[in-house]
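Notes follow the structure.
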Amino acid sequence: CARAPMYDFQEELVIRPLHSGDIYASFQFRTVWDADFMGDQKVSHYRLFPKSLGQVITKFSVRELHISFTQGYWRTMQWGQPYLPSPPGAELWVWFQDTVTDVDGTWKELTNVLSGIFCASLNFIDSTNTVQPSASFKPLGIGNVTDHSFLRYATLPREIVCTENLTPWKKLLPCGSKAGLSVLLKSEKLFHSTFHSQAVHVRPVCQDPQCRTTSMELRQTLNVVFDLHTSGQGKREWSLFKMFSRTLTEACPLASSSKVYVDVTDNPQVRPFELSPATPLLTQAVVLGDRRTYSVYDLTQQASFGSSRSLNMLLRWKAADGEMLRPLLHSERYVAGYGLQAGEIHTLIYNHHPYRAFPVLLLSAVPWYLRLYIHTLTVSSKGKDNRPSYIHYQPSKDRERPHLLEMLLQLPPNSVTEVTVEFERALLKWTEYTPDPNHGFYVGSSVISALVPSVVAMDTNSTLDRPLFSSFFPCKEEASYFMRVYTEPLLVNLPTPDFSMPYNVICLTCTVVAVGYGSLYNLLTRTFQVDEPSPGLAKRIANVIRRFRGVPLL
Amino acid sequence: MAAPLALLLIVAVTIRAALFRTSLANLISERVEVVSPLNAWKRVVEGLALLDLDISPYSGDVFHETPMVIYLFHFLMDYAEITFMLADCLTAVALYLAVKDYNKQVFRKQKFALEADRIPMDCLELIRSPTEMYYIPLKVAMFYLLNPFTIVSCVAKCTCGCLIYGSALLSAIFLALATYQSIYPLTLCVPALLYLLQRLYIPVNVRRSSFWFYTLQYLFMFLGSLLVLICLSFFLLGSWDFLPAVYGFILSVPDLTPNIGLFWYFFAEMFDHFRLFFLCVFQINVFFYTLPLSIKLKEHPVFLIFMQIALIAIFKSYPTVGDLSLYMAFLPVWNHLYRFLRNIFLVSCVLLACSALFPVLWHLWIYAGSANSNFYYAITLLFSVAQILLVSDYFYAFLRREHHLTNGLYLKKKDGSEATLVLK
């Protein structure tokens, strides 16, 4: 008989105070389901794994699905690197299984179904904003797939995230918003933040070190950054109640592990803040190339909740923080030029490593109405030309697909690399503009993927029990870790026609054509004749009378 | 006549070379009045860059030139400026020779008509004297070369086509080349045919077998060379991609970049439901004047060519000032019609004003943001109306002169007083 599928659900919350005074909270909910989606057996019994997602995965033969909704832009230079990067707006990338015959048709259906599940306008994803990257976005789960024709990537930079997106996201959790860490997810506080990102990642993972069986892993992540100054009071003090207006009372009963980590990596001289209630559990984890120390609150232990049966961590700062470690990889992007005819897109990639150079993969998807001129592409580092070792460029087709530019760049140590490309703005048909055309058109974030050299040896053993936030990106080697950086989205104005004028324009242009037609018709069909003036009115009446009388006319 | 022509060529080349060296060259090559998506130099460079990256230039929507142009410029990339100056000079020389040839013909016809006593006595002042005609070819060349529009187009490195008449085969080949480059010169097939028939003294009579024989021969040569060119392009790039990218682009007007023509704003503001209908109407509008004009002007094919080129320049989907300069170069040939032109002052004023206002209103719309697209559109309309008036004025003058040549210059009414001529 078939073995009953095994489930595992873990939840965790990481709280990391940032050097600018803000505080970063990252939730991860991980469901591992031991079902074989790729096999022939129909899966019909869902327990912890949400049925809506399970059905989507089986119906559309999805191998991996990554969808994120983000409000705000992650400020790398002030906050450091996030555990899970995401671009502003909505981003969706999917690897389909190789049994799919019509990937584009399946993609279209998938986006519409996901649009319904997440109450988001993902139905705006169509061929004009979908690209097929050739080197970036390799699968994060197991399996070495090399055929990128089964990968689709789309981004909607204009998408707004609000409570309507949070509610269905919370519904996918096994405990809903009733127990465990998800009780903290209340929208009035979560959206009163500088940065809010919720994501769903589905991928196949190995169950054992030899990888004989695979299971489906669902990770739901929510990253939020609360601003020091908008939260009132001014003095630097954070607590769970101040952040979420709730406290923790119990772990989710379905969870095998439910932990809260607080980043307490000490300064060499003095610990900057005081954490209460104190906890004896301390753990270290290597994440983002750095070894950090965390205080752990294990919610499955009743002792964590103390006598009041609720847990409200309080962080109180006494001294100022030390210097923040400068992030090794950082990027910026902006539009240069003036006027509505042309412009230039500049992408700056910073490598802050003092002596190591490393390659990065830059992916840019530019909408078709900004016509890129690839012969104007220049890449320069430290003032000198830097030729990319790999360029994949797919030019756009008007109203069908966007530009796709992928390059492998080698970043010299401690340098800024500038990628410049010129574009021309197109005039669209009046129906193709949004209702607020003078707001401008968004260009989705560029994605920079890199294996950044790490200061500390990374942990490559994937089966050890590690906190979720450090095991998201697969780690293949010790000396470097994978990082993805998103640039700002761009807002570009296009020249607009006058929207009140369609009928007038049609009339006026047709008038001009008619003027041409009329003059030529006249000249072609008429001949010159001597102009005999017609007699005056009196004479004409006299002639009529004379005709009656039978007398010769005048 | 060689010395003045040589001097003229040298002056023209100097002006162009000087302009190429200045920063104006870049500025001019970006202007929408001068370049269109079909023939912008920036797009040719882009197409060549795509070819270097092993991507077909037609896989995107930036490049709309024919494959022969890519391969031509693949080899001439570094000498692009010289190529264009040379092309302009060759066109000027060709026009010069063509008009000289035409003048000889006209003069010969006139002599026959005089000897046959067909012209009334008082029309003698309408007859063109050799001296006056002597300078016309030079004037034509001068008009073409020194027209600011031509200079500007050359500096912007447009890739406009040109025609040469000579032997039938050569004309068929060059006509096929021009049609291959952009579809509209197809309409010039008819006047070219008529001209050649006239030279060979074959009357244009539908019932004569010699007419059909020659027509079929010519059409065969034309279609044959066109087919050869298209197949050659196929072998150059190995695919038929260029057909929708070049001809589909010209006919279906997907790119709405503003230019001096009528199509862009019309199709930017068109209701989707009627788009195909109006597209067909506008494209047919370019072609359908051929037949009536040919019937009316079958005795005067060169004027027919002039009319056709003018109508193409006004009504084509992506016109530029280069097209304008081509038909304006012919205006000195019809100098003798000056006394019958009615609106020439108004038309020339409007054309000058529009030429000045185009860059101003473009700047106001795109850069200053204080005007909107309607301003530029209005000038486009005015420019087209002025051109239409110019063309129809010349047509009127031409027809009137023909009428006078057969009926006498000073006409009298029945009662003996001076008569006025009207079109009825």
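The values are calculated or read from the model by the stated rules, or taken from the named source; none is laboratory data. These numbers were taken from a predicted model, which means no experiment stands behind them. Positions of Cβ are backbone-derived with ideal geometry, glycine not excepted, and every protein chain shown enters the neighbour counts. Accessible surface areas use protein heavy atoms only, side chains included; no ligands, DNA or RNA. Shrake-Rupley method; radii C 1.70, N 1.55, O 1.52, S 1.80 Å.
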For the range A:48-141, the accessible surface attributable to carbon and sulfur atoms (probe 1.4 angstrom, ligands and nucleic acids excluded) amounts in percent to 50
Using the alpha carbon gyration tensor of the range A:269-340, what are the three equivalent-ellipsoid semi-axes (square root of 5 times each eigenvalue), largest first, in whole Å?
-> 38, 17, 15
Rounded to the nearest 500 deg cm²/dmol, what is the calculated helix-only ellipticity per residue at 222 nm for chain A, with -39500 (n - 2.57) per DSSP H run of length n ≥ 4?
-> -4500 deg cm²/dmol
Accessible heavy-atom area order of A:Met501, B:Met221, A:Met407, highest first, probe of 1.4 Å | B:Met221, A:Met501, A:Met407
Sort B:Lys111, B:Lys42, A:Lys189 by accessible area with a 1.4 Å probe, largest first.
-> B:Lys111, A:Lys189, B:Lys42
How large is ³J(HN,Hα) for each residue in the range A:118-124, as worked out from phi by the Karplus curve 6.51 cos²θ - 1.76 cosθ + 1.60 (θ = phi - 60°), to whole Hz, x for Gly and Pro?
-> 9, 6, 10, 8, 6, 5, 6
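So for the range B:228-270, considering every pair of alpha-carbon atoms, how many percent are separated by more than 12 Å? Let's see the in-between values first.
Numbers: 587 of 903 pairs.
It works out to 65 percent of all Cα pairs.
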Using a Förster distance of 51 angstrom, determine the FRET efficiency expected from the C-beta separation of A:Gln55 and B:Leu24, and round it to 0.05.
-> 0.20
Reduced to Cα centres, the span from the range A:79-104 to the range A:168-206 in Å works out to 18
Can you give me the Cα centroid spacing of the range B:47-62 and the range A:375-454 in angstrom?
-> 17
Given H placed 1.01 Å from N in the peptide plane, which residues other than close sequence neighbours of A:Phe441 have an amide H under 5 Å from its amide H?
-> A:Val492, A:Asn493, A:Leu494
Can you list the aspartates and glutamates whose alpha carbon is less than 17 Å from that of A:Lys382, not counting same-chain residues fewer than 8 positions off?
-> A:Glu332, A:Glu418
When the Karplus curve 6.51 cos²θ - 1.76 cosθ + 1.60 is applied with θ = phi - 60°, which whole-Hz ³J(HN,Hα) does each residue of the range B:33-38 get, with x for Gly and Pro?
-> 6, 9, 10, 10, x, 6
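Express the carbon and sulfur contribution to the solvent-accessible surface of the range B:319-424 as a percent, rounded to the nearest whole number, probe 1.4 angstrom. Spell out each step's value before the answer.
Numbers: 2820 of 4400 Å².
Whole-percent figure for carbon plus sulfur exposure: 64.
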Accessible area of A:Arg271, 1.4 Å probe, to the nearest 10 Å²?
-> 100
Under 28 Å from B:Lys296, Cα to Cα: lysines that are on another chain or at least 8 residues apart = B:Lys100, B:Lys104, B:Lys109, B:Lys111, B:Lys139, B:Lys316, B:Lys412, B:Lys413, B:Lys424
Among A:Val100, A:His439, A:Gly518, which residue has its Cα positioned farthest towards the positive end of the charge dipole of chain A, with +1 placed on the Cβ of Lys and Arg, -1 on the Cβ of Asp and Glu, and the dipole taken about the Cα centre?
-> A:Gly518
Please turn the phi angles of the range B:20-25 into ³J(HN,Hα) values with the Karplus equation 6.51 cos²θ - 1.76 cosθ + 1.60 (θ = phi - 60°), one per residue in order, whole Hz, x for glycine and proline.
-> 4, 6, 7, 6, 4, 4
With the dipole of the protein assembly as shown defined by +1 on each Lys or Arg Cβ and -1 on each Asp or Glu Cβ, the option from A:Ser396, A:Thr300, A:Leu288 whose Cα lies farthest towards the positive pole is A:Ser396
Which angle between 0 and 90 degrees, to the nearest 10, do you get for helix A:502-525 versus the longest principal axis of chain A when only C-alpha atoms count?
-> 30
Name the shape class, rounded, prolate or oblate, that the alpha-carbon gyration tensor gives for the range B:209-283, where a ≥ b ≥ c are the square roots of its eigenvalues, rounded holds for a/c under 1.5, and otherwise prolate holds if a/b is larger than b/c and oblate otherwise.
-> oblate
Chain A: Rg to Rh, with Rh as the Kirkwood radius over Cα pairs = 1.19
Within straight-line cross-link reach of A:Lys242, lysines at Cα separation under 23 Å, skipping those fewer than 8 residues along the same chain = A:Lys170, A:Lys178, A:Lys186, A:Lys189, A:Lys259, A:Lys318
Net dipole in debye of the protein assembly as shown [+1 Lys, Arg Cβ; -1 Asp, Glu Cβ; about Cα centre; nearest 20] = 2860
At least 40 Å² of accessible area lost relative to the chain alone, listed for the range A:493-510 with a 1.4 Å probe | A:Asp498, A:Val505, A:Ile506, A:Thr509
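Evaluate the charge dipole of chain A about its Cα centre and quote only its size in Debye, nearest 20, assuming +1 on the Cβ of each Lys and Arg and -1 on the Cβ of each Asp and Glu.
Values: 53 positive and 49 negative charges, 294 e Å.
Its charge dipole is roughly 1400 debye.
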Of the listed pairs A:Lys51/A:Lys138; A:Lys171/A:Lys397; A:Lys59/A:Lys171; B:Lys42/B:Lys298, which have alpha-carbon separations greater than 31 Å here?
-> A:Lys171/A:Lys397; B:Lys42/B:Lys298
Computed on protein heavy atoms with a 1.4 Å probe, what is the summed buried accessible area for the chain pair B and A, in Å² to the nearest 100?
-> 5800
For the range B:1-112: accessible area per residue (Å², 1.4 Å) = 46
In what sequence, largest accessible area first, do B:Phe375, A:Phe60, B:Phe235 appear using a 1.4 Å probe?
-> B:Phe235, B:Phe375, A:Phe60
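Over the residues of the protein assembly as shown, compute the C-alpha Rg and express it relative to 2.2 N^0.38 Å. Don't skip to the end; give the middle numbers.
Working: Rg = 38.1 Å, N = 978, 2.2 N^0.38 = 30.1 Å.
Dividing the Cα Rg of the protein assembly as shown by 2.2 N^0.38 Å gives 1.27.
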By how many degrees, 0 to 90 and rounded to 10, does the Cα axis of helix A:537-549 deviate from the longest principal axis of chain A?
-> 50
Per residue in the range B:232-272, which ones lose no less than 50 Å² of accessible surface when going from chain alone to all protein chains (1.4 Å probe)?
-> B:Leu256, B:Phe266, B:Ala268, B:Glu269, B:Phe271
Carbon-plus-sulfur fraction of the accessible area of the range A:369-503, 1.4 Å probe, in percent?
-> 50
Cleavage-rule hits (GluC sites (Glu not before Pro)) in the range A:327-436: DSSP loop, at most 16 neighbouring Cβ within 10 angstrom | A:Glu400
Per the range A:375-514, sqrt(5λ) over the Cα gyration tensor eigenvalues, sorted largest first, in Å, gives 47, 20, 13
